[in-house]
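Heads up: the structure comes next, in structure tokens.
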Amino acid sequence: MDGASRRPPLTWLLADDRPGNVNQALAVAEALGWPFTVKSIAYGALARLPNALLGASLLGLGAASRDALVPPWPELVIAAGRRTAPVARWLKRRQPAALVVQLMWPGSARGLDLVVVPAHDERAEQAGVLGIAGTPHRITAQRLAEAARALAPRLQDLPRPYIACLVGGSTRHTRFTRGDALELARQANTLARGQGGSLLVTTSRRTGEVCAAALARAIARPRLLHEFAPAGESLYLGVLGAADAIIVTADSASMCAEACGSGKPVFLFRPAAGASARLARLHRALAQAGHLRPLGAPWPERCPPPVNPAASIAAAIRERLLGPIGAAPAAAVASAPPTA
């Protein structure tokens, strides 16, 4: 049967308790355009054990999650994150003909058909490992347009261009300080004044109260300022969709990939502590490809096509399952907004 007439494979997506992991897996499943079933994964105490000990097993799962994994077995498994890998390997044992795709490095590629890692992790020299630019995201032109329309009433009195400012914060590797927040505000204000536009600022969980307060005082008007609140609404996607250009802080690979997935000019703000070596490699690669420039650089006349790692992964999956022709996609069956 040729690729154009073959039915889509029975696909399972392993969704655990980390939204970032789940969004990456959903991004790939949606890029494939095939129906898929989400299998919720809840962990037990043994999930803390190294994958080398868990092997191909369900030992790390809670009872309800174990009971939900029943035949018919999938022909394609998409999993993300270290702790899902033993489950993916277990499913491969049940259905040896299945294609098992693991997103993010699980400690070893053994027992998995395709392991997908960001190229800046420098693990893609091994057989069965695919390196991609950035991380898979769910940013699409349609989602951005819908979110921008929803936000439009709040922006009607603000002059264009709209310049989004996506603010992260401190990580295990680098610090984002009050001084960094003030410097970000100064440079963002300069860019907005030079263009005669407005700043659309959204903070995140990592920003912290001190830095968020400094930004709130220092970001110039005209502006939209949306500060993160654990139980509050998120304007992240709306700001990304409405923006004519984007400023992004240097602490998040996913936020950077989503910004560069918009197809708009993206400016990088590096705090005084810089970025981790891993993220610095990502920034260099995106800059070399024309997607990213330092804050303070001239506004570009044109941008390259959006960064879309999920599409690259989907193409690799199709080729492994169906050969180079690929299959006619069916409708995807899951939807949820991306997260910062």
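Observations
- Residue satisfying condition, being under 25 Å from Ala152 (Cβ atoms) and polar (S, T, N, Q), within set Ser254, Ser312, Ser276, Ser262: Ser262
- If you check Ala150, Ala164 for being closer than 27 Å to Ala25 by Cβ, small (Gly, Ala, Ser) and over 19 Å from the mean Cα position of the chain (by Cα), only one passes: Ala150.
- Here Pro153 clears all of (1) touching a residue at least 40 places away in the same chain (Cβ under 8 Å); (2) in the same structural domain as Ala287 (by TED's automatic domain parsing) except the condition numbered (1).
- Qualifying positions in the range 223-248 - closer than 15 Å to Gln156 by Cα and among the β-branched types (Val, Ile, Thr): Val239
- Test: residue in the range 157-176 that is in a helix (DSSP H, G or I) and either farther than 15 Å from Leu225 by Cα or touching a helix residue (DSSP H, G or I) at 6+ places or on another chain (Cβ under 7 Å) (or both): no
- Residue that is farthest from the chain's Cα centre (by Cα) [pool: residues in the range 302-334 that are modelled with pLDDT of 90 or more and assigned to a loop (DSSP other than H, G, I, E, B)]: Arg302
One line per residue, one yes/no per condition, for (1) buried (at least 16 other Cβ atoms within 10 Å of the Cβ); (2) under 19 Å from Ser254 (Cβ atoms):
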site	(1), (2)
Gln142	no, no
Leu151	yes, no
Asp157	no, no
Cys165	yes, yes
Gly168	yes, yes
Thr190	no, no
Arg193	no, no
Arg206	yes, yes
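- Meets criteria (basic (Lys, Arg), modelled with pLDDT of 95 or more, surrounded by fewer than 18 Cβ atoms within 10 Å (Cβ to Cβ) and in the same structural domain as Ser262 (by TED's automatic domain parsing)) for Arg172: no
- Selection of the range 203-242 for residues being aliphatic (A, V, I, L, M) and under 14 Å from Ala188 (Cβ atoms) yields Ala214, Leu215, Ala216, Ala218, Ile219, Ala220, Leu224, Leu225, Val239.
- Candidates Ala27, Ala31, filtered to the one that is crowded, with 19+ Cβ neighbours inside 10 Å, in contact with a His (Cβ under 7 Å, 6 or more places away or on another chain) and within 14 Å of Ala310 (Cβ to Cβ): Ala27
- Among the residues of the range 195-204, just one is surrounded by fewer than 18 Cβ atoms within 10 Å (Cβ to Cβ) and part of a loop (DSSP other than H, G, I, E, B), namely Gly196.
- Unmet criterion (only one of (1) out of contact with any helix residue (DSSP H, G or I) (no Cβ under 7 Å at 6 or more places or on another chain); (2) within 26 Å of Tyr43 (Cβ to Cβ); (3) modelled with pLDDT under 95) for Trp105: (1)
The values are calculated or read from the model by the stated rules, or taken from the named source; none is laboratory data. Keep in mind it's a predicted model, so treat the numbers as computed, not measured. All Cβ positions, glycine included, derive from the backbone under ideal geometry; neighbour counts span all protein chains shown.
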